[in-house]
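What follows is a set of notes on a single structure, which appears directly below.
The values are calculated or read from the model by the stated rules, or taken from the named source; none is laboratory data. What you see is a predicted model; the values in this text were computed from it and never measured. Using ideal geometry, Cβ is built from the backbone for each residue, glycine included, and neighbour counts are taken over all protein chains shown.
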Amino acid sequence: MEPNKTGERIRYRPRRNSARRRAAQRCVHSFERNVRICGLQPMSDISSASGELSPSATVVSYAEPKRARRSSNLTITSVLLVIVGVASLIITEQILTGWLALGERANIPRSNLNPIELTVAAGCLLWGMVTLRTALGFFTHERVPTIRDYFEGTHSRMAPGILLTIALLGVIGVVSLVLAEQVLTGWLPLGERINIPRSHLNTAEILAIIGGTLWGVVTLRTVYGLWRRDHRAWAWAQWVVLLTAVIGMSALLSGMFDLHTLVPRGGSIFDNLPGVQELTAPGLLIFLSCVAVYRYITIDVELSAAQALRNTLAKSPGAGGIIGFIALFIVFSLASDLFLEPRSLAGIVTTNITRGIVAIGVTFLMISGEFDLSVGSTYGAGALIFLLMMTEGVFGITTSVIPAAIIALIFAGILGLINGLILIWTGIPSFIVTLGTLLAYRAILLVVVADGRILRYADYRLPPPYIHFSHWLIAAGALALAAVIAYMGYRLIPSAWRGFRSEVAGYRDDPRDMRDFYLAMAFVRFVLTAVAVLGAIFLLLQAAYYNILSAQVEPVFEISFFELMNGQFHFVPRDVNLRSGVMWWFILVVIFQFILTQTRYGNHVLAVGGNPGAARAQGINVNRVKVTNFVISAMLACLAGIINVSRLANVDPLMGNGLELEVIAASVIGGALLSGGYGSIIGAFLGVLIFGMLQTGLVLVGVDSRAFSGVIGVIIIVAVVINTAVRRARK
């Protein structure tokens, strides 16, 4: 049984031998039954009288599901084009009749249109006619030529859908270059420009000029490739249209967030309909036009731009965190102009230092398949021991700040060790074990800091805890840290370079439509890795050189321990609350992400969480890994407590109460599985930043702060759904 060249008909010409004829019929019937099970629709025409197959014999439509999807896609595309066309014509009519004014119209008759209105009206009129003509072609033609037919040369003439795609990309490219020119010449200011010459560009304007120019050049180069039937332009067109759709959606959201400024109190949007159109129409037209064109150019594609992006995210455990972070950042940036101010951004990271450091240890533990609900109590108990050792003392013993910090870390490590040993010796689930120790460790604070009082460092009238450093010691530390980063670069940069070389070597023979995307991603990964590693090494070497020079003038200098751990940076304005604790948090994220992904111990953690039995079979000491992670989690919680005390200089009995649920939620948002074996430190980092953005963004947009917990609950569910979908796609 052989399919013909089209793959749609299967014909039999049975011989006269009746046994062979019956065998052939059984084979055909079995094949049709299997086809029905698979959901396809076979069409057979078997003569019951003669028992032989007719000339039109057993036609199996393999392409029926694909044709159905294609027809549905074209129908939706046509509807979108009709909506865009009608909306464009309505906007044209509104401008020509003077109801939609663009620019200053005071004391100017409606019939007197300015150049901007004439240009926009002509553009909307042409775009409406083009989209409606394309939609009409989609509705009337039984077989609509696709972009694959265009590239394969099946149709010599350029189909309406291809012309629409080229027209849209051409408009995007020209508008991008015009906007860049307007910003460069000062006619389109971005930000405050009072008493500032046009030639003095701010950072936002420089970025807009560079981005607009690059986007326009790339888009016009894509148009040229489509015109010349360069197959690579197909993939580039998908990315340009997809990203422009995102830009259109952002413009639409921005206009929707500003509608409250146009609608009078107690009124509706119909009271100022022209203003509503001016705010929302551009973004809506851009978004719907790009969606329609994107659906058309991805009809016959094997791997679309959206699928390539989804596959790339599937490689990262923190896909939910990445998507959530980007989405919230865009929404709050559009909803409030204050969100992107340095004060707001600094507040997002500064207020979440302790939560972020604790989340690192909790994520490490969750990846190994265990919980630690006692981190909030350990966080408070470690901070209490640190402050007690410098003030009242423990068992009559007081110490300076460095020994106090070391003793507190050792104490927290013992608490974590107790959690791990109870788990190993009893076999009780870690959820129950740490639920009990959560209450037991909380009792330490409730007993020591009793009667509702707060232990304050200032109450003891002690001087700030200064520590003395030698410049030579700092220089040696900077060089040692540079050596560690160089080792990390030795592991990371060659790997990124090999990935880039592999993409370059197989570029010409790569049949994937998105090969340009994968090549670009490999190049970006290599460049970012190299720049980050070399930049860090350069800064550390510069710091070592500076301290060597300073050692010749002043061998020893002093600094407050509180300032070192969580003091405000002096190189930023005083109203920007950016503290040194952010630096320690970022350093710990990099270190533990490297440990998890680039070391043998990280592989052991993933193996223990994924399949403990298989890990034991490979010779991994599962119990040792779990106990070690409990100790790490507890010590990081204590370190977070020390950093918090360095800022507030006090401890209260409820310090860290409820922290455990917040950091577990951040880890889950970042992609960590409750069952273990999956997750990343970067994902937890993004999960904590999502917390910070919600805290700041909800206040800026006027949402009641009491709704914060409800929003976090929704974000957790959405993140888990996204992470689950990504893992399924990865499988």
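Points worth noting:
- One residue alone among Pro494, Pro463 is assigned by TED's automatic domain parsing to the domain that holds Val401, assigned to a loop (DSSP other than H, G, I, E, B) and surrounded by fewer than 16 Cβ atoms within 10 Å (Cβ to Cβ), and that residue is Pro463.
- Helices (runs of 4 or more DSSP H) wholly inside segment 642-731 that include at least 1 residues being crowded, with 21+ Cβ neighbours inside 10 Å, at pLDDT 85 or above and among the small types (Gly, Ala, Ser): 659-669, 681-700
- Qualifying residues in segment 270-297 (those that are in contact (Cβ under 8 Å) with a residue 12 or more places away in the chain and of a type in the set (D, E, K, R)) - the one farthest from Ser254 (Cα to Cα): Arg295
Here is a yes/no grid of residues against (1) in the same structural domain as Ser78 (by TED's automatic domain parsing); (2) polar (S, T, N, Q); (3) within 30 Å of Ala327 (Cα to Cα); (4) modelled with pLDDT of 80 or more:
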site	(1), (2), (3), (4)
Leu177	yes, no, yes, yes
Ala180	yes, no, yes, yes
Arg198	yes, no, no, no
Asn202	yes, yes, yes, no
Arg229	yes, no, no, yes
Phe257	yes, no, yes, yes
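- Leu373 vs. criteria more than 30 Å from Gly427 (Cα to Cα) and not acidic (Asp, Glu): no
- Residues of segment 364-388 satisfying the condition of being assigned to a helix (DSSP H, G or I) and under 17 Å from Gly671 (Cα atoms): Phe364, Leu365, Met366, Ile367
- Residue that is modelled with the lowest pLDDT, among those in segment 312-339 that are of a type outside the set (A, V, I, L, M) and part of a helix (DSSP H, G or I): Gly320
- Looking across segment 306-328 at every residue that is hydrophobic (A, V, I, L, M, F, W, C) and either over 21 Å from Ala520 (Cβ atoms) or assigned by TED's automatic domain parsing to the domain that holds Ala235 (or both), the one that is surrounded by the fewest Cβ atoms within 10 Å (Cβ to Cβ) is identified as Ala327.
- Cross-chain or 6+ apart pairs with Cβ under 8 Å, segment 465-477 first and at negative phi, then among the small types (Gly, Ala, Ser) and assigned to a strand (DSSP E or B): Pro465/Ser560; Tyr466/Ser560; Ile467/Ser560
- Of note, Gly361 satisfies the criterion of being part of a helix (DSSP H, G or I), assigned by TED's automatic domain parsing to the domain that holds Ile620 and either surrounded by 24 or more Cβ atoms within 10 Å (Cβ to Cβ) or touching a His at 6+ places or on another chain (Cβ under 9 Å) (or both).
- Where Ala68 falls short, out of the listed (1) modelled with pLDDT under 65; (2) surrounded by 12 or more Cβ atoms within 10 Å (Cβ to Cβ): (2)
- Test: residue in segment 282-302 that is polar (S, T, N, Q), surrounded by fewer than 20 Cβ atoms within 10 Å (Cβ to Cβ) and not assigned by TED's automatic domain parsing to the domain that holds Ile669: no
- Answer from Ala543, Ala551, Ala607 - the residue that is of a type in the set (A, V, I, L, M, F, W, C), surrounded by 13 or more Cβ atoms within 10 Å (Cβ to Cβ) and more than 30 Å from Pro465 (Cβ to Cβ): Ala607
- Selection from segment 547-561 of residues that are part of a helix (DSSP H, G or I) and either over 19 Å from Ala480 (Cα atoms) or without any contact (Cβ under 8 Å) to a residue 40 or more places away in the chain (or both): Leu549, Phe561
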